[in-house]
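All remarks here apply to the structure that follows.
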Amino acid sequence: MAWEFFINVKAHINEAIFYSMLGNFQLAAEVLDTRWFFLYMGIYVFAMWDSYVTAIDLNKFSRLADRYDSPIMPFRIGALEVNYLDYRKPWSGVFWTLMTPGLGAVYANRLPTGFFVTICFVLTVYQSNVLPAVLLTFEGEMELAGKAINPQWFLNFPSILLTSVSSAYTDILFTNSLFKSEQSRYLKKNFQPKEFIMPSKRRGTNSMHFISAFQHSAFLELALSDLEQNGISKENIFVAPLGENSPDFPELKNTHTEASSKYELAFILGCVFMLLGSIYGFIWSWGPIIWALIGLVFGAILGLVLSFIFLRRKWFRNRTQTEVVLIIECDKNQSELVERVLWGHKALGVMKTS
């Protein structure tokens with residue numbers, strides 16, 4: 001990607017695209033530097049082919065990892081980072097990426113990607129002279145704003161912004177899925193004792209049961225740890241993660257790719273129309289900044305509408321909030337303690353039987 005970025009600048013490819021879209025084909029041919037231009041095609045085509053082949057290979061390894069329950073490392077401390085699995089909000093990644101492309105990847109703990117994209121973004125902002133153009137736009141000087149911008153660098157914005165948004169959203173979605181898988185394995189291994197007796201109405205005993213619902217999160221493991229520290233042994237705790245995927249019925253498999261695909265078209269069309277707005281904004285009255293934003297909003301809304309029309313079933317699929325069911329057997333004199341721990345660690349619901 002760095003090499004493609006470098007050649008694009010040296011060959012003035014974005015500038016040639018800009019003049020071609022405006023119908024000035026002679027000037028488009030003149031600005032191209034053929035010493036670099038013919039190097040661009042090889043790396044561009046190879047990048048597409050390599051992305052496709054790598055995705056197929058990774059999908060194969062992913063299926064094998066699921067089939068054999070390959071171990072997942074939930075926490076790692078390295079020389080440059082502290083990397084750990086946790087549940088993150090995908091739209092928080094989108095928000096931070098819209099503020100500054102690259103921050104969403106940092107939020108998702110993908111530091112090399114985040115730093116690289118941030119460097120590309122800062123370089124593009126400086127070389128395109130976009131910030132003075134934004135200031136001129138707010139002052140109403142639309143024509144001066146268009147003249148201040150360098151098209152070669154400015155046309156990088158749509159791809160950097162929308163690719164970063166899509167990547168941050170999807171990465172967090174799949175990292176959350178990985179976190180749930182790792183936590184489910186941990187809970188099944190450590191909190192499903194064979195000697196556990198399921199709740200039943202047994203008269204003449206001093207015991208009672210709590211049944212509670214949780215979502216996958218670190219709070220669940222903290223709740224289990226607090227219960228153990230307060231005298232509730234593992235033999236009296238049974239945890240049942242509710243799997244989203246069925247290994248016995250692969251045709252019914254429900255993965256997070258379906259959730260991400262609902263918005264993918266919005267990201268793609270937002271990028272396309274933002275690029276068109278950026279180009280034609282140089283000859284339209286409101287200037288490239290305003291038309292780039294209009295193109296972004298229009299493309300995103302159009303993508304959502306089309307996605308809603310063609311993927312309606314995915315939009316209306318009901319998803320239960322309960323992901324883990326926790327059953328606890330305790331003495332009646334421990335009931336207040338157990339109930340406080342469960343509610344204090346964000347249980348979705350708690351029921352007690354005596």
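Residue-wise HN-Hα couplings along region 84-101, as the Karplus relation 6.51 cos²θ - 1.76 cosθ + 1.60 with θ = phi - 60° gives them from phi, are 8, 7, 7, 7, 10, 8, x, 6, 5, x, 5, 4, 5, 5, 5, 5, 8, x Hz; Gly and Pro carry x.
Which whole-number value in Å² is the accessible area per residue of the chain, probe 1.4 Å?
Details: 21090 Å² over 354 residues.
Roughly 60 Å² per residue, with all protein chains present.
Which percent of the Cα-Cα distances in the chain go past 40 Å? Could the numbers behind the result be given before it?
Values: 20404 of 62481 pairs.
Cα-Cα pairs of the chain separated by over 40 Å account for 33 percent.
What's the local net charge at Trp286, with K and R +1, D and E -1, over the other residues with C-beta under 13 Å away? Combined, the nearby Lys, Arg, Asp and Glu give -2.
For the chain, what is the calculated [θ] at 222 nm in deg cm²/dmol (nearest 500), taking -39500 (n - 2.57) for each run of four or more DSSP H residues and dividing by its residue count? Could the numbers behind the result be given before it?
Numbers: 16 runs with 221 residues, N = 354.
Helices in the chain give a 222 nm mean residue ellipticity of -20000 deg cm²/dmol.
A Förster radius of 56 Å, combined with the Cβ-Cβ distance separating Val305 from Lys332, puts the computed FRET efficiency at roughly 0.50.
At 1.4 Å probe size, with the rest of the protein present, what percent of the exposed accessible area of the chain is carbon and sulfur atoms? Of the solvent-accessible surface of the chain, carbon and sulfur hold 63 percent.
Exceeding 21 Å between C-alpha atoms, which entries from my cross-link table qualify? They are Lys234/Lys332; Lys189/Lys352; Lys188/Lys332. Let's see the in-between values first.
Working: Lys234/Lys332 17 Å; Lys189/Lys352 25 Å; Lys188/Lys332 26 Å.
Listed pairs above 21 Å: Lys189/Lys352; Lys188/Lys332.
Net length available on complete extension from Arg76 to Phe38 is 9.3 nm, with 0.36 nm assigned per residue and the Cα-Cα distance removed. In order along region 18-28, the phi-based Karplus estimate (6.51 cos²θ - 1.76 cosθ + 1.60, θ = phi - 60°) of 3J(HN,Hα) comes to 4, 5, 5, 5, 8, x, 9, 6, 5, 5, 4 Hz; Gly and Pro are listed as x.
The label-point distance for Phe6 and Gln26, in a model that sets each label 7 Å from Cα toward Cβ, rounds to 3.6 nm.
The values are calculated or read from the model by the stated rules, or taken from the named source; none is laboratory data. The structure displayed is predicted, hence computed values, not measured ones. Note that each Cβ is placed from the backbone with ideal geometry, even for glycine, and that neighbours are counted across all protein chains shown. Surface accessibility is based on the protein's heavy atoms, side chains included, excluding ligands, DNA and RNA. Shrake-Rupley method; radii C 1.70, N 1.55, O 1.52, S 1.80 Å.
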